[in-house]
Amino acid sequence: MVRANSNHPRIAASGVFLMFCGIALLAALAYFPVLSNGFVNWDDPGNVVNNQLIRSLAPGNILTFFKSTVLSTVYIPLVTLSFALDYRMYGLNPHGYHATNLLLHILNSILVLALLYYLTGDKVVACVASALFAVHPLHVESVAWVTGRTELLSAFFYLLSVISWCALIRGRGDSALGAVSPPAFLKMKYYWLSLIFFLCALLSKSMAISLPFILLLTDYYFGARRSPRSAGSPADGCGGTQSRRGEGAGGRVIYGVRDLPLAGLWSNKIPFFALSAIFSVVILIVSMSGETLRPPFHKDPLPAILIASRNCVWYVAKILIPIRLSAYYPYPATVSIFQPEFLFSLFATGFAAGTLFIARRKREISFGSLWYLITIFPVLQLIPVRDTMAADRYAYLPSIGIFYLIGILFSRIWKYCDEQANRPGEAGCAHVRTLVRIVPVGALTLVIAGLSLLTLQRCLIWRYDERLWMDVISKYPGAATAHNNLGLVYAGRNLRSKARAEFTRAVSLKADFAEPHINLGVLCGEEGDTDGAVRELKQAIALKSRVPDACRVLSIILDQQEKDAVAAGGRKKRDFAPSRNDLGLAYARSGMISEAIPQFEKAVQLDPGFAPAYYNLALCYFMKGDKDKADAYRSRAMKLGYPGRVSDEVRGP
């Protein structure tokens, strides 16, 4: 049974159980439409539908989950394992995957209730905050999107880790906050549980790296106070006496952190910070390998700072007023300090920081604000990742801090109204007293009902991918990614004219966007326009993005083009040698030497006198360490009149 602080009324186990059931019911009612949703073409195909890894739960395959990344952009082995378990139970029926997501959200809502009640002992704060968390429409993306499982599973383990740390502090008093050495810590079961849950959170999503700072914040909230003038006294068995400041659960003493040596607070979290550092490196490596990092901003960091300050304010605004929610938020065409939204964000961020500093002694305000800032910091796009400026799912954990502050505010309003209703007065004022008590509850009920309605509507938007991308385009007509993905929906339904229009629109909106060129190439190839397909795919390769995908499609198109041309008798085989050479160049310049060699070999088969292909073969074999073959191909190229050294760069004709 969770026990309240001594300055709050204790609740029987049945009362706690009813609180949990109530929050679970709220979450289930608000999100039940997701059970009818399908997969959408926004990472679901790569993570689930076309992901061959999840088709087997053999030990060797499970090991592969932890040795590879999905789509080469994220490291989420536990999420992949959960998809494999879903596949074992439901196959590719999307309703089962959505049921798992909904269950995780319900569990997370219960964990938020447990954490905040454990922290505050105030049932009003815990219930209000967890109810808002359970029904808020900003969380629809995480719940209604199958790939949103990353946020849900990571948050589940994240909250369990924080709760385990709270249990450690409550159970060990002052020593749990650093007055004992780390080896003593390793004997504590809750310490190990917290560390294990943290690792699981990181394996679900690397953005959980903020947790060590949340543990420091939790230390601050509980507060380990050690008076300097009592240092050295053996009274507490840890080198100092305990000065009573408040009561924890079960009557345990709670202490303040101001006088506790900082070394003690940090040293017991060394394993946590070590894991955060390791996974921070993983994030950078995986992001760079998957081409998800936007161009570096170190030459001019101001745009990234402006974006980050804007996002910091933007997420709070979306939590408080959840309107114009979208699955995709494109970057603005320009980012300048003189633009009103960025200038306002800078002032708002500075004002909030000043207010927080002034109110730093107010434990509740500091805890809620810092929870939000710490958990939102990794996703503020200070180091720009992907081509979306923000995402609803990024607010899943940070929103807890804001909801906690709202819960504190409501609790104080409720207590004030209750005090006013209990003031001595005339008997005729009884109905006024009743009204005073009802008003805050009625207002909260209306807010939760309104948020639930918005959530129901957002769940329906996520039901079909066509509806999803049309919703994005209605709010952001210039979003090239949305037009491209809508084109994929039309192409999948064989609506080629509509698909071509969307792909063409995407290209016109973003000239350096390779994906719609690839999709146009595929579309041209399906329509028999192989020349158009080759043209579009070469444009995609020239953009140096998604090169492997473009190359694979171009290889298929060239095979078909060569076959059709030879059958028709119009063009000779050697006419296609330059295209094969270009394809080999694209592979080689992307570091895919093994894939480049067959293309150069195909080029010399088509035209035995095509010298550049021989020379490029020499370069490829030289890079692979096969000097004999390199010399042979180099000699052949030079006999055909192609000069150069084998150390030169791979080159075209």
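Rounded to the nearest 0.05, the FRET efficiency derived from the C-beta distance between residue 559 and residue 285 at R0 = 35 Å is 0.50. In this label model, residue 56 and residue 344 are separated by 5.6 nm, measuring between points 7 Å along each Cα→Cβ vector. In order along the range 99-115, the Karplus-derived 3J(HN,Hα) couplings, from 6.51 cos²θ - 1.76 cosθ + 1.60 at θ = phi - 60°, round to 5, 5, 4, 5, 4, 5, 5, 4, 4, 5, 5, 5, 5, 4, 4, 5, 4 Hz, and Gly and Pro are given as x.
Using a Förster distance of 41 angstrom, determine the FRET efficiency expected from the C-beta separation of residue 333 and residue 49, and round it to 0.05. Mind dumping the intermediate values first?
Details: r = 34 Å, r/R0 = 0.82.
That pair, residue 333 with residue 49, gives E of 0.75.
Solvent-accessible area of residue 510, all protein chains in place: 60 Å² (probe radius 1.4 Å, heavy atoms, ligands and nucleic acids excluded). Backbone N atoms of the range 580-622 closer than 20 Å to the 7 Å Cα→Cβ label point of residue 639 belong to residues 600-622. Using a probe of 1.4 Å, the accessible surface attributed to residue 95 totals some 80 Å² when neighbouring protein chains are kept in position. The gain in end-to-end length when the residue 189 to residue 387 segment is fully stretched comes to 67.0 nm, 0.36 nm per residue minus the alpha carbon separation.
Distance between the 7 Å Cα→Cβ label points at residue 419 and residue 627: 8.9 nm.
Overall, the anisotropy analysis places the range 78-159 in the prolate class: the square-rooted eigenvalues a ≥ b ≥ c of its C-alpha gyration tensor yield a/c not less than 1.5, with a/b exceeding b/c. Label-to-label distance for residue 361 and residue 92 is 6.4 nm, based on points extended 7 Å past Cα in the beta-carbon direction. Computed extension gain for residue 277 through residue 66, at 0.36 nm per residue and net of the alpha carbon distance, reaches 74.2 nm. Ranking 281, 335 from most to least accessible surface, computed with a 1.4 Å probe over the protein chains only, gives 281, 335.
Using 0.36 nm times the number of residues separating residue 494 and residue 196, minus their current alpha carbon distance, what extension gain do you get? Show your work: numbers first, answer last.
On the way: separation 298, 0.36 × 298 = 107.28 nm, distance 4.84 nm.
Extra length available between residue 494 and residue 196 comes to 102.4 nm.
Taking amide H positions as modeled 1.01 Å from N, with prolines and chain starts lacking one, no residue 5 or more places away or on another chain lies under 5 Å from residue 513. Which parts of the range 504-536 would a label at residue 575 reach, counting a residue when its backbone N lies under 16 Å from a point 7 Å out along Cα-to-Cβ? Backbone N within reach: 529-535. Note on residue 389: accessible area is roughly 10 Å² with a 1.4 Å probe, heavy atoms of protein only.
The values are calculated or read from the model by the stated rules, or taken from the named source; none is laboratory data. Just so it is clear, the structure is predicted and the values come from calculations on it, not from any experiment. In this analysis, Cβ positions are derived from the backbone assuming ideal geometry, glycine residues included, and neighbour counts consider all displayed protein chains. Only protein heavy atoms, including side chains, enter the accessible area calculation; ligands, DNA and RNA are left aside. Shrake-Rupley method; radii C 1.70, N 1.55, O 1.52, S 1.80 Å.
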